[in-house]
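Since the structure comes first, as structure tokens, the remarks are kept for the end.
Since every read-out is calculated from the coordinates, none of them should be taken as a lab result. Please read all numbers here as calculations on a predicted model, not as lab measurements. Cβ atoms come from the backbone with ideal geometry, glycine included; neighbour counts cover every protein chain shown.
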Amino acid sequence: MSDTGITVKKNQDFSEWYVQVVQKAELADYAPVKGCMIIRPDAYAVWEKIQEILNKKIKSTGVRNVYFPMFIPEAFLKKEAEHFAGFTPEVAWVTQGGDTPLEEKLAVRPTSETIMYDTFNKWVRSWRDLPIKINQWCNIVRWETKATKLFLRTREFLWQEGHTAHATSEEAEAEVMYALGEYKDIMENYLAIPVLIGTKSDSEKFAGALYTTALESIMPDGKALQMGTSHNLGQHFAKVFDIKYIGEDKVDHYVWQTSWGITTRLIGAMIMVHGDDKGLVMPPKVAPLQIVIVPIMFKSAEAQAIAAKAKEITETLKAKGFSVNLDDRGEYTPGWKFNQWELKGVPIRIELGPRDLKQGQVIMVRRDTGQKTPVKEADIPVATERLLQEIQDNLFAKAKANLQEKTTTVQTYDEFKATICDKGGFVKAAWCGSAEDEAKIKEETGATIRVRPFQVEEPTTGCVYCGQKAKETVYFARSY
């Protein structure tokens, strides 16, 4: 496996380690188009799991999936000045169709607010038409100029974008928090990644939003990753696109709107947080393959019986709803197979050799810890279920410990700079609310305010930058 295994340590060269895991575990490749990526089957299967989980959640509340065109007229983007200014630097434009120059430039979807809300104008007439609750699974193009990083920073990526319109601000508020809560559940209980939640500062909020809420996590290299966002759009877009309804009071009212989204960067987060020096480590709840069974025969007299028993165990586990693969390839040694499946992050490996066959047992091996446990044949389904949950819980516990270890409270700007430069991670500090101070901190350290927590912590010092009276305690970090 020297030519295909991971050749660098995660804690020595994190960036190179990440690239190797993504490519050698066959999750993605670089595309022929600069800045783009090819998502391979195992990674796409994780995305399908996320789709399945979120679809079930949001559909239970009346959200329905739709599809809107990926081409957006320039005039639509220009209707909301803040929105247009926020996205123009990243927009890819279509200026010609075939041999014919277009009369109006078309943006390749950087986000869908404008094209959707032009349509909302036609859909909404009365209070009976509300709420509108739709979601779109699609691709997004933003012409990133920074270096490509597979899953984390590419010019095209996949996401879902929920868009809702409501009669009251209270309903919109509730929708923002609902989406945020469901995202938190997916990240913590399925991907096993703990997150901080809160609002963004005005300089970091979505262009055109009243306010933005976000979920942030810390990666092993000390950089923060924005995992998802949920925006309260207020009535800004409603007024721009004239989305009004006649209320029960017979008076015209503008709607209140929200939008919320997560992207395929969640897969990148999963790789970084859980992977190790052997490769990928998949959380069982989103793993495309939960169990691999490797029969160990060594051309023994029991080879035929071992093969039959391995097939029987495979079918038993499949019947119980587990995703299982029987690796009975004869051209590879058991050791080669062990390394390959460890690289690909399969949560449980089941080994079955001549001695195990005689003793009516198998050996179960955990991918997260490498621990080996003999399990009687009759106990395999129950032991598998228990072990998968233990692995899921352990991955979350380790990630939570990393989050806590990489969160530092500071009181002075010298402490702030030293922590950001030497340790990284989240830095909790008092802030006076000044956008100017926020900008100077970013310029001098590269750190931005990642979240302003919902549970306000009274500052115990003055503002970390200017020393003036602080308004709140916030989390800073350098980020992807």
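Calculated mean residue ellipticity, 222 nm, the chain: -10500 deg cm²/dmol, from DSSP H runs (n ≥ 4) at -39500 (n - 2.57) each, averaged per residue and rounded to 500. Taking amide H atoms as placed 1.01 Å from N in the peptide plane, the amide H of residue 409 lies under 5 Å from those of 428, each 5 or more residues away in sequence or on another chain. Tally Lys/Arg at +1 and Asp/Glu at -1 over every other residue whose Cβ is under 14 Å from the Cβ of residue 468; what's the total? Net of charged neighbours comes to -1. Near the amide H of residue 262, within less than 5 Å, lie the amide hydrogens of 160, all on another chain or at least 5 residues away, with H placed in the peptide plane. For the range 427-434, putting each phi into the Karplus relation 6.51 cos²θ - 1.76 cosθ + 1.60 with θ = phi - 60° gives couplings of 10, 7, 8, 6, 9, 7, x, 6 Hz, in residue order, rounded to whole numbers and with x for Gly and Pro. For the range 250-356, the C-alpha radius of gyration divided by 2.2 N^0.38 Å, with N the number of residues, is 1.66.
Other residues lying with their Cβ under 11 Å from the Cβ of residue 78 contribute a combined charge of -1, Lys and Arg counting +1, Asp and Glu -1.
Each listed q (0.09, 0.12 Å⁻¹) maps to a log10 I(q)/I(0) for the chain, found by the Debye formula over equal Cα scatterers with no solvent: -0.71, -1.12.
Going from the residue with the fewest nearby Cβ atoms within 10 Å to the one with the most, 292, 91, 19 rank 19, 91, 292. Shape of the range 322-365 from the C-alpha gyration tensor: oblate (a/c of 1.5 or more and a/b not above b/c, with a ≥ b ≥ c the square roots of its eigenvalues). Distance from the alpha carbon centroid of the range 79-130 to that of the range 400-455 works out to 36 angstrom.
Expressed as an acute angle from 0 to 90° and rounded to the nearest 10, what is the orientation of the C-alpha long axis of helix 435-445 relative to the principal long axis of the chain? Approximately 40 degrees, to the nearest 10.
Coupling constants for the range 235-243 follow from the phi torsions by the Karplus curve (6.51 cos²θ - 1.76 cosθ + 1.60, θ = phi - 60°), and in residue order they are 10, 4, 5, 4, 6, 5, 9, 6, 8 Hz; glycine and proline get x. Among 87, 18, 447, whose Cα projects farthest towards the positive end of the dipole of the chain, with charges put on the beta-carbon of Lys, Arg (+1) and Asp, Glu (-1)? Towards the positive end, the residue furthest out is 18. Straight-line cross-link partners of residue 442 among the lysines, defined as a Cα under 24 Å from its Cα and at least 8 positions apart when in the same chain: 146, 149, 200, 205, 223, 406, 417, 423, 428, 469, 471. The charge dipole of the range 407-477, taken about its Cα centre with unit charges on the Cβ of Lys, Arg, Asp and Glu (plus for the first two, minus for the last two), comes to roughly 160 debye. D by Stokes-Einstein for the range 65-274, Kirkwood Rh over Cα pairs, 25 °C, 0.890 mPa s: 135 µm²/s.
Distance from the Cα centroid of the range 329-375 to that of the range 158-207 is 41 Å (rounded to whole angstrom).
Think of the chain as having a plus end and a minus end, set by charges on the Cβ of Lys, Arg, Asp and Glu; of 127, 141, 46, 46 sits farthest toward the positive end of this dipole. Here the 3J(HN,Hα) profile of the range 96-106, calculated from phi with Karplus coefficients 6.51, -1.76 and 1.60 at θ = phi - 60°, is 8, x, x, 9, 9, x, 7, 5, 9, 4, 10 Hz, Gly and Pro shown as x. Apply the a/c threshold of 1.5 to the C-alpha gyration tensor of the range 407-477 and tell me whether it is rounded, prolate or oblate. Taking the square roots of the gyration eigenvalues as a ≥ b ≥ c, the range 407-477 is rounded.
Helix 413-422 and the long axis of the chain differ in direction by around 40°, with both axes built from C-alpha atoms. Relative to the longest principal axis of the Cα atoms of the chain, the long axis of helix 380-405 lies at roughly 50 degrees. When the chain is described by a simple charge dipole with +1 on each Lys and Arg Cβ and -1 on each Asp and Glu Cβ, the residue from 364, 420, 251 located farthest towards its positive end is 364. Computed from point charges on the beta carbon alone (+1 for Lys and Arg, -1 for Asp and Glu), the dipole magnitude for the range 278-318 about its Cα centre is near 160 Debye.
For residue 451, the residues 5 or more places off, or on other chains, whose built amide H falls under 5 Å of its own are 475. Take every Cα pair under 8 Å whose residues are at least 6 apart in sequence, average their separation, divide by the length of the range 65-274, and the relative contact order is 22 percent.
The charge dipole of the chain, taken about its Cα centre with unit charges on the Cβ of Lys, Arg, Asp and Glu (plus for the first two, minus for the last two), comes to roughly 960 debye. If you take the square roots of the eigenvalues of the alpha-carbon gyration tensor of the range 12-117 and sort them as a ≥ b ≥ c, do you get rounded (a/c under 1.5), prolate (a/b over b/c) or oblate? Oblate, since a/c reaches 1.5 and b/c is not below a/b. Each of 337, 398 was scored by other Cβ atoms within 10 Å of its Cβ. Arranged with the fewest first, they read 398, 337.
Only alpha carbons enter this Debye calculation for the range 178-277, each as an equal point scatterer, and the log10 of I(q)/I(0) it gives at q = 0.16 Å⁻¹ is -0.73.
Excluding same-chain residues fewer than 8 positions from residue 250, which lysines have a Cα within less than 29 Å of its Cα? Correct list for residue 250: 79, 122, 133, 239.
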